[in-house]
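Trainee: One structure coming up, written as structure tokens, with questions to follow.
The values are calculated or read from the model by the stated rules, or taken from the named source; none is laboratory data. Note that the coordinates shown come from a computational prediction; the quantities given were computed from them, not determined experimentally. All Cβ positions, even for glycine, are placed from backbone atoms using ideal geometry, and neighbour counts span all protein chains on display. Each accessible area value is taken on the protein alone, full model and side chains, heavy atoms only, with ligands, DNA and RNA left out. Shrake-Rupley method; radii C 1.70, N 1.55, O 1.52, S 1.80 Å.
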Amino acid sequence: ESGGGAAKKRKLDGVPDRDVIANHPVKLKTRPKHQLKKVAQQKISGGDPPPVYMLHRSLFLFSPQNSFRRLVFLVAFDKRFEYLILLFIFVSSASLAIDNPSVTPDSELGKSLFAVDIALNVIFFVEFAIKVIAMGFVGHPGAYLRHGWNVLDFFIVASSFLSLLFNDPRLTIVRSFRMMRALRPLRMVRRLRGMQLVVATLVQSLPQIVNVIAFGMFEFVIFSILGVQLFGGKFWRCTDPAVGHMDHCVGMYANHEGLTARRVWVNSVYNFDHVFNAALCLFVVATMDNWMAIAQRGMDVTEVNFQPIANNAPLNVLYFVAFVILGSFFWVNLLVGCIIDNYRRISAASGDMLFTTKGQQQWAEALKMKQKQNAEADEEVREEPKFFIRKYLFRLVHHRGFEYFIMFCIAGNIFVMVLQHDGQDATLTSLSDLTSTLFTWVFVLEMALKLGALLPKRYWADPWNKFDFFIVAGSVPEMAGLDMGPGTMVFRTFRMGRMFKMLKNAKGLRALFATLLNSVGSIANVGSLLFLAIFIFSVLGMNLFGELEHGAFIDEMHNFETFGNGLLLLFRVMSGDGWSDVMMDTLDCDHVAGYTTGCGFAPAPPLFFITFIILASFMVLNLIVAVILDKFIDAAQAEGLLSTASFFDALQRKMLLDGFMEKLKSRLAEHRVRKGTRLKSTNKSR
């Protein structure tokens, strides 16, 4: 009350109710110089925080505020500049493919390729200089050589310039520098997102892969030492089978063709004379390439300097069987499993779903499955047309019997096409034409009934109806008697695509088909990296083995003399079809009827082929298996064919739901009690 009286008194006296405190104006503070410096640095990258290397001087000359360095920075990291460099990388790769051993430096093509090589080296050096000015060389965080891909770029540019400065093919080091040009296509990995993701997966999997490879090397060392003890020096034999000892392997004899030939003491190219040869031989066995022939030689051994005898030591096969089990079945598949497991972990950690916990991801998958089930339920209960003719047609085309009849016609059409063969009689030809026409009319009638029941708008909304329409439309010219030449057989073969309609009612087949469609993008990324690896090794093969003389397996068709032949031969090596025979012709050996009298020191061929097989066949190719497996699991879960939840997960969810229900019941009870209390108090007041 006293407060209220004082306020009235102040009001009667004409004084404001409250005391007004007037502060003196504060002087505007000037922005410190260091803040101006930060603002200037932020303007370099369009308002975003500047890269860490823009906080340091570049090459001890250019400060972060230097206008020239800021201009170079904008150029170096502009998308158009990156695309231009990518174009030059493609041009460089094309020149590497064209430059085969048959192109001489004095030819017009050789001179043109040399000029293109000089121009590309200048362009790549300019790119290197621009990035070094913008980022700095190596002295501070974020500098050019602090990034792995930049180190690779610098190495390639430096080796290319050194090969141009010392342009003397007689120098071995110059040939080595020129071979380093084959790594130029690797520069496109950092500029293509798909390849970069695959490489990142392999890099993140590298620790586990190294562990598996180390375990494999341990196996190889143990079996190599044991192989030297068992078979060292015992694979030698005389070209004359009648000779029993090395000392008697002299003079002439009549071979199996009846011709006179000289006796020669020869050895198998793949032998166990020392640990390195044994390891190479065991790697051939691990890839399962003609391993039984090596095992047969092991069963034929007798003693050193004695002629092998067929099946002299049959128990020696246990050595090779044990290594096949441990080295091929176990170690190789362990490497494959390691890659697949790491791919699954990485895809789960950086997938499209932006959830942080595993439970949230499972909940999202459950929602997707529920949405699919709802969509299927909506499709099954779609509204019938009101017009009576369309209503009956609608019921007909959606009847199970009609669907089974169409499936039977599709299967019959495919069966008739399978029966056709070269040299068939006129009866089968006429029967095939008659049934083909009959089935075509059935499919035309099906399309007409569906168009009448659904009308064009609803008919065209279904992708399967679109597919049927194009198939039927392609069959109409043949029914009209029009000769479309080779296109007629193409359309007839295209009818086999109708069997994909069976996917519509088969969940398992539908999951496989969804796996195929969903894997296209990821397989394209892995396939592009695989092709890049084959490309690089093909260029290396032209430089290493392009001038080899033809032998038993390196011939006019299978060689590294051109880029195309190199691609085909490496694809054969990757598939494991006789790759050891191809490598045998690249070794520095004196070959005699599939054997050798001795091999020189040639580490390049084994290193080339073993590296390619491990990289292409064991690692990158199995990434495709990992992608397909990953997509298949997703597709199977979406179809409800596969559940990732265990019993304990289900029990945990039930316990959580039970706890939630108990809390809900208690809250409802409390709400009823409060509501009842309020009702009682209201009644009492009344």
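Trainee: Residue by residue through the stretch 68-112, note down the ones that are charged (D, E, K, R) and open to solvent by 50 Å² or more (accessible area, probe 1.4 Å).
Mentor: Of the stretch 68-112, the ones charged (D, E, K, R) are 69-70, 78-80, 82, 99, 106, 108, 111.
Listed by number, the residues that qualify are Arg70, Lys79, Arg80, Asp106, Glu108, Lys111.
Trainee: If you scan the stretch 235-252, which residues turn out to be within 30 Å of Leu326 (Cα to Cα) and either open to solvent by less than 40 Å² (accessible area, probe 1.4 Å) or free of Cβ contacts under 8 Å to residues at least 40 places away in the same chain (or both)?
Mentor: The answer is Phe235, and nothing else.
Trainee: In the list Ala411, Ala453, which residue meets the criterion of being touching a His at 6+ places or on another chain (Cβ under 9 Å), modelled with pLDDT of 80 or more and either in a helix (DSSP H, G or I) or open to solvent by less than 70 Å² (accessible area, probe 1.4 Å) (or both)?
Mentor: Every option except Ala453 fails the conditions.
Trainee: Given (1) of a type in the set (Ser, Thr, Tyr); (2) open to solvent by 40 Å² or more (accessible area, probe 1.4 Å); (3) over 20 Å from Phe220 (Cα atoms); (4) under 30 Å from the mean Cα position of the chain (by Cα), identify the lone condition not met by Thr611.
Mentor: (3)
Trainee: Hey, can you tell me all the residues within the stretch 215-269 that are of a type in the set (Ser, Thr, Tyr) and closer than 24 Å to Leu587 by Cβ? Before you say what the answer is, go through the steps one by one.
Mentor: Start the filter on the stretch 215-269 by keeping residues that are of a type in the set (Ser, Thr, Tyr), which leaves 224, 239, 253, 260, 268.
Within the stretch 215-269, Ser224, Thr239, Ser268 meet the criteria.
Trainee: Which ones in the stretch 292-332 are at positive phi and touching a residue at least 24 places away in the same chain (Cβ under 8 Å)? Before the answer, list the steps.
Mentor: Going through the stretch 292-332, the residues at positive phi turn out to be 305, 311.
Passing the criteria: only Asn305.
Trainee: Would you check which residues across the stretch 391-422 are over 22 Å from Val472 (Cα atoms) and more than 44 Å from the chain's Cα centre (by Cα) and list them?
Mentor: Lys391, Tyr392, Arg395
Trainee: For residues that are buried (at least 18 other Cβ atoms within 10 Å of the Cβ) and assigned to a helix (DSSP H, G or I), scanning just the stretch 131-149, find the one that is farthest from the chain's Cα centre (by Cα).
Mentor: Ranking the candidates gives Ile133 first.
Trainee: Here is a follow-up. Could you identify the single residue in Gln196, Gln208, Gln229 that is within 24 Å of Val157 (Cα to Cα) and among the polar types (S, T, N, Q)? Write out each step before concluding.
Mentor: Numbers: Gln208 fails: within 24 Å of Val157 (Cα to Cα); Gln229 fails: within 24 Å of Val157 (Cα to Cα).
One residue alone meets the criteria, Gln196.
Trainee: Kindly check whether there is at least one residue in the stretch 552-561 that is within 23 Å of the chain's Cα centre (by Cα) and touching a residue at least 12 places away in the same chain (Cβ under 8 Å).
Mentor: Within the stretch 552-561, not a single residue is within 23 Å of the chain's Cα centre (by Cα) and touching a residue at least 12 places away in the same chain (Cβ under 8 Å).
Trainee: Six or more apart or on different chains, Cβ atoms under 7 Å: show the pairs whose first residue is in the stretch 151-165 and without any contact (Cβ under 8 Å) to a residue 12 or more places away in the chain and whose second is among the aliphatic types (A, V, I, L, M) and surrounded by 15 or more Cβ atoms within 10 Å (Cβ to Cβ).
Mentor: Partner pairs satisfying both residue conditions: Val151/Leu145.
Trainee: Please go through (1) at pLDDT below 90; (2) closer than 30 Å to Ala322 by Cβ for Val221 and return the number of the only condition it doesn't satisfy.
Mentor: (1)
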